[in-house]
Amino acid sequence: MTSAKHYECTVKVEVEFISDQSDIAQNHYAFAYHVKIANTGNVAAQLISRHWIIRDANGEQNEVKGLGVVGAQPLLNPNEHFEYTSGTVLTTPMGEMYGTYQMVADDGTQFDVKIPPFVLAMPRVLH
């Protein structure tokens, strides 16, 4: 008896404010985010594309869609993970990001992986 197919990945994000690439006088706040995506299912799956929502403290929203991440479309076998670092710039010292990764499993099944919202904040902005 074979077990049921289980399509699932988890995403963890760590954020860093990049002070030497920011210019507060010009409302230019740079952030790096380090992402770890892990295949927690039992079927190999490839990350095909991404869809990000980036929102600043004024409610201004940016959408970013594209193939892969940092030029890669990693294939993740069960229990494997992929890590990368990217960045974004806001016009406010605080904001948030969230989105989805579009995946295709070895058997052709397409599924989305939610990227939970995370805060982008210059140090000492949050109390």
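What follows is calculated from the coordinates using simple rules that are stated; it is not laboratory data. Nothing here was measured: the structure is a model prediction, and the numbers come from that model. A quick note on method: Cβ atoms are made from the backbone with ideal geometry, for glycine too, and the neighbour counts reach across all protein chains shown.
Among the residues of region 51-89, those that are more than 18 Å from GLN102 (Cβ to Cβ) and among the β-branched types (Val, Ile, Thr) comprise THR85, THR88, VAL89. Can we say GLY87 is free of Cβ contacts under 8 Å to residues at least 12 places away in the same chain and surrounded by fewer than 15 Cβ atoms within 10 Å (Cβ to Cβ)? Answer is no for this residue. Report whether or not TYR29 is in contact with a strand residue (DSSP E or B) (Cβ under 7 Å, 6 or more places away or on another chain), aromatic (Phe, Trp, Tyr), buried (at least 17 other Cβ atoms within 10 Å of the Cβ) and within 14 Å of TYR7 (Cβ to Cβ). Here the answer is no, as TYR29 does not meet what is asked. Tallying residues that are in contact with a Gly (Cβ under 6 Å, 6 or more places away or on another chain) and either free of Cβ contacts under 8 Å to residues at least 12 places away in the same chain or among the basic types (Lys, Arg) (or both) within region 1-29 yields 0. Inside region 1-45, residues that are more than 11 Å from the chain's Cα centre (by Cα) and basic (Lys, Arg) make up a count of 1. Inspect all residues belonging to region 4-24 and state whether any of them is aromatic (Phe, Trp, Tyr) and in a loop (DSSP other than H, G, I, E, B). Yes.
When each of THR109, THR100 is tested for being touching a Lys or Arg at 6+ places or on another chain (Cβ under 8 Å), of a type in the set (S, T, N, Q), within 13 Å of VAL11 (Cβ to Cβ) and surrounded by 12 or more Cβ atoms within 10 Å (Cβ to Cβ), the lone residue that passes is THR100.
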